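Here is the structure we will look at.
Please treat every number below as a calculation from the coordinates, not as lab data. Source: prediction; values computed, not measured. Quick reminder, even Gly has a Cβ in these numbers, built from the backbone with ideal geometry, and neighbours come from all protein chains shown.
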Amino acid sequence: MGSTSSPALGWPSAIAGDCIPPKKRKTWCSVKQPAQNQDRIGVLPDDLLIKILSLMTVREAAVTACLSTRWRHIWKNVDRLILDMNTFGMQVPENSNNNENPDFWNQETTKFVTKVNEVLHHHYGKGMNKFEVRFPLSSSHAVELDRWVAFAAASGSKKINLFLSGYHGMVTAQHAEKYNFPLKHFVDLRGCQLRHLRLSMCTLETVSAKLSGFSYLVSLSLFRVSVIDSVAMNIMSSCRALRRFCLQQCHWLINMRFSHASLVDLIVRSCKGLISISFHAERLECFEYKGHKVDVEYECTPVLHKLHAFFVKTDECPLDFLGTLPKLTALTLQFPTCISCTASLQHRKGFAGLKNIVLCLLTSWKTSIRSVSYLLKAAPLAETLVLQVYGNLQPPSKLKVTWPKKCTLRRLHTIKVSGFSGEPELMCLLSFLLKRSPLLKKLDIDTHPHKYRGFNKWKREESEDATRCYYARGMALTHLTQEIPSTVTFRVR
């Protein structure tokens with residue numbers, strides 16, 4: 001396995017074994033070297049050195065082969081291979097476009113494929129922990145990709161990431177046919193330790209046999225993967241230990257049924273062809289959905305307690321996404337437009353155990369803001385209310401909002417508003433909540449909006465209009481300060 005490496009990799013020629021320094025004879029001076037000059041790293045066992053080298057890029061790890069005869073082959077055992085342009089010192093031009101500059105990308109692709117083949121040729125292919133390829137490739141490179149996937153499967157990789165959709169800001173070729181991921185390599189694969197699989201810009205086709213190589217898979221993520229309902233459900237049935245399933249921009253899916261005994265987290269985002277979703281998952285705890293309105297049937301979800309529904313089309317209400325969920329404690333709803341849902345909330349019974357509420361309001365709601373108060377009234381155990389607002393600077397105006405009667409929010413102790421612009425309807429809502437929340441302890445207003453990053457994480461956007469933020473802070477400090485009890489901590493950013 002110690003064959004000569006290609007100079008195209010840019011690694012030292014010592015890997016080939018032609019520059020090994022001769023052994024020096026011991027002299028009196030060498031014996032009397034001070035203790036602090038001893039090679040403390042060299043005395044470490046090989047297993048520990050492999051762990052250290054696995055934290056580097058494979059290019060950096062391979063450079064250590066020139067240190068001595070002992071180091072020559074250690075890098076070939078690294079258990080983490082991240083193969084991308086950064087690993088091989090290749091630069092990604094900004095706003096690069098495959099369609100406008102095909103000659104450049106053909107050269108870069110040939111260079112990348114050659115370097116990956118060199119790495120895998122030298123690597124021993126045992127005890128792999130993570131194998132990742134990140135480069136815009138298609139079906140025209142199926143021979144090389146099949147070989148790389150076979151290497152990852154045979155080496156016992158616990159994590160396999162295959163990202164063939166390019167880099168951020170890069171425009172990939174639209175006419176390129178997607179690579180067909182070879183599921184055959186995971187049929188009757190004994191001893192496979194695969195735990196995490198992430199695929200991007202691939203195609204998945206059915207296989208007749210059982211995918212025994214997926215028996216221990218706990219996380220499966222498909223991004224822009226062409227897969228039909230039956231194939232997705234067949235793969236899911238082979239993953240006995242599956243706990244997390246993520247589907248993003250899988251537009252071939254139409255009617256998906258998630259039936260699994262171990263599934264805990266499910267994410268479905270931007271699947272344009274989807275019509276219906278049904279569940280039979282006894283352990284499902286969290287479900288996140290983003291996209292257009294679809295039919296949802298909760299056949300068996302007895303422990304589902306987190307639901308995040310981000311609707312993107314106008315005049316669609318995410319409240320229609322809710323079913324009978326007795327264990328629901330955390331709810332996130334995104335309203336693309338102003339929708340009055342007061343009538344449906346007045347008789348709502350599914351919010352009895354709801355404690356944490358996040359509402360994303362993409363437009364101004366005016367008097368329909370009262371729907372928020374009716375939602376809180378339907379959730380008597382609500383403790384936290386977060387409003388993610390994406391409005392614009394508005395002139396002050398007086399609104400007459402009809403608030404619900406006999407509404408006391410006895411458990412509400414925290415209110416957070418992000419993206420606040422001094423909207424009149426939000427000023428009215430906060431004034432109402434301050435009067436009806438006897439246990440309120442914290443009111444936090446942030447003039448900067450927060451963008452949802454997925455997986456229940458938000459990121460504060462810093463690039464904002466200074467004039468709008470200054471006006472919003474002034475409105476909050478001028479009109480709300482007088483109404484805030486001394487027991488409430490008030491903060492404006």
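Going 7 Å from the Cα of residue 262 in the Cα-to-Cβ direction, what parts of the stretch 207-249 have a backbone nitrogen less than 13 Å from that spot?
212-220, 236-245
Under the rule of at least 5 residues apart or a separate chain, name every residue whose amide H is placed under 5 Å from the amide H of residue 360.
The answer is 333, 334, 335, 388.
Under 5 Å between amide H atoms, partner at least 5 residues away or on a different chain: which partners does residue 290 have, H built in plane at 1.01 Å?
For residue 290, the qualifying residues are 268, 269, 270, 310.
Roughly how many nanometres apart are two label points built 7 Å out from the Cα toward the Cβ at residue 210 and residue 293?
A separation of 4.3 nm, rounded to one decimal place.
What is the gain in length, in nm to one decimal, between residue 402 and residue 435 on full extension, counting 0.36 nm per residue of separation less the C-alpha to C-alpha distance?
Extra length from residue 402 to residue 435 when fully extended: 10.4 nm.
How charged is the neighbourhood of residue 441? Take every other residue with its Cβ under 14 Å from the Cβ of residue 441, and add Lys/Arg as +1 and Asp/Glu as -1.
+3
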